[in-house]
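Please treat every number below as a calculation from the coordinates, not as lab data. Please read these numbers as outputs of a predicted model, since none were measured by experiment. No Cβ is skipped: glycine too gets one built from the backbone with ideal geometry, and neighbour counts run over all protein chains shown.
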């Protein structure tokens with residue numbers, strides 16, 4: 001029998017007759033690309049006894065030497081030598097008792113493929129593109145310690161481990177994997193975890209996070225080179241997470257992030273970038289979703305994004321309904337949305353389309369935002385700022401897949417076209433640059449009037465748009481801001497949603 005082994009979509013599928021190797025182009029947008037599989041000697045994307053095992057067998061019996069192009073593929077078990085154990089490994093692959101070993105290559109994704117990240121204007125410290133470093137201090141207090149005590153190495157896996165679609169808590173199997181998917185490979189998060197017990201009880205640090213930070217860094221500065229945690233080379237450690245037991249309470253330890261409070265402090269000559277403090281602990285070896293999702297949100301702040309939820313009033317959500325789910329809003333159980341990805345530079349230039357209101361009718365294709373092809377369409381209010389710091393609508397097709405595959409139980413729908421109303425005007429003062437209308441500023445501290453981000457059709461339930469839906473000025477929130485900061489000005493366009501085909505919607509915009 002001709003034994004063949006194939007793999008599809010990263011999952012092992014053993015069939016005696018046939019099963020395919022994953023498409024080798026699927027990692028093209030990442031910095032680490034898959035070039036082939038050991039054991040696939042003839043490099044036809046299948047591993048078979050009839051061909052690959054026979055080629056290797058002839059070499060081992062001196063009947064036919066290996067051709068140079070077989071390269072690493074002949075070393076099926078990756079032990080550095082080509083011998084009978086490789087032949088046995090190929091047979092085990094074909095019988096379903098072993099998995100083929102990938103051959104990977106590190107490549108640089110040209111910066112030109114992604115737009116420059118506009119959010120760098122805010123001057124936060126964690127890079128949203130390229131290498132980004134996170135130092136984690138997993139901290140106990142003498143009077144408040146973790147009930148589950150993970151090792152630093154285990155926390156490293158949770159923070160910086162590889163993608164695992166098989167994980168029970170996917171898409172929160174690791175921080176690195178989540179960001180890699182969301183950014184289409186534009187951001188590579190890495191770092192290191194340190195376990196530490198403080199010298200004083202918890203109360204000594206509750207209102208003095210700088211004291212905690214300095215004590216942690218001083219404890220390890222002689223044994224660790226902290227210059228390695230500056231991904232963008234700006235002389236600052238990109239970001240630091242100080243996480244404490246849940247029992248420390250929410251009063252002083254509810255997760256939050258911001259600039260470090262002592263600009264003069266240095267460790268190994270490095271300044272300290274943004275810090276995160278919080279009490280979202282790892283509950284057990286398999287229960288760490290809240291830990292990952294909470295700090296993914298906080299790292300969004302370290303990259304410069306504001307909260308999208310309301311700081312005051314009884315309604316804490318910034319955006320409602322199925323279409324309003326966003327990592328920077330109240331519930332951190334979802335992917336970043338189109339505006340966040342635009343700010344973070346997670347679109348390639350050809351994935352951003354801008355409606356030209358001088359041409360009348362235009363039709364656009366919206367690809368699934370939770371895939372490498374995810375894109376957006378922008379309708380500007382007047383002239384569009386070159387870095388997207390102006391008023392506009394941004395449209396995407398969001399799905400309940402990948403980073404959105406763990407949506408809350410009350411979601412009535414997780415897929416469709418959604419439209420954000422954005423006013424991303426920048427405000428600069430002596431100390432900071434920030435989005436003028438973000439929550440918590442003097443211009444918007446109660447959610448009334450102009451806000452940096454709103455969702456069009458901001459209602460509970462399934463407020464996505466689907467095939468044959470028509471969006472015009474009669475739809476709530478589909479209007480430009482007037483002088484009284486109400487969304488009352490007719491945009492002068494109508495959007496008609498077309499069919500969902502091949503995992504993409506069409507939208508037609510008519511003047």
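The ranking of 256, 376, 381, 216 from fewest to most other beta carbons within 10 Å of each one's beta carbon is 256, 381, 216, 376. Going by a ≥ b ≥ c, the root eigenvalues of the Cα gyration tensor, does region 71-153 fall in the rounded group (a/c under 1.5), the prolate group (a/b larger than b/c) or the oblate group? Cα axes put region 71-153 in the oblate bin. Going from the residue with the fewest nearby Cβ atoms within 10 Å to the one with the most, 199, 418, 454 rank 199, 454, 418. Taking other Cβ atoms within 10 Å as a rough exposure proxy, 54, 354 sort from fewest to most as 354, 54. Listed values [x] 22.1; [y] 23.7; [z] 25.1 include one computed from this model; for Kirkwood radius over Cα pairs in Å that value carries the label [z]. As a length-normalised measure over Cα pairs under 8 Å and 6 or more apart, the relative contact order of region 35-189 settles at 18 percent. Across region 125-302, Cα pairs under 8 Å and at least six residues apart give a relative contact order of 29 percent.
Per-residue ellipticity at 222 nm computed for the chain from its helices equals -4000 deg cm²/dmol, with DSSP H segments shorter than 4 residues left out and the rest contributing -39,500 (n - 2.57).
Distance from the Cα centroid of region 388-405 to that of region 226-283 is 29 Å (rounded to whole angstrom).
Length available on full extension from residue 459 to residue 312: 0.36 nm per residue minus the Cα-Cα distance, which gives 51.0 nm.
Per residue, the average separation of C-alpha pairs within less than 8 Å and at least 6 apart gives the chain a relative contact order of 11 percent. Legend: P(r) of region 109-161 from all alpha carbon pair distances, 5 Å bins from 0, whole percents, reading 4, 13, 18, 15, 13, 12, 11, 7, 5, 2, 0. If you find the alpha carbon centre of region 370-385 and of region 179-211, how far apart are they in angstrom? Cα centroid of region 370-385 versus Cα centroid of region 179-211: 33 Å apart.
What FRET efficiency would be calculated for the residue pair residue 63, residue 85, taking the C-beta separation as r and a Förster radius of 22 Å, to the nearest 0.05?
Working from the Cβ atoms, E equals 0.70.
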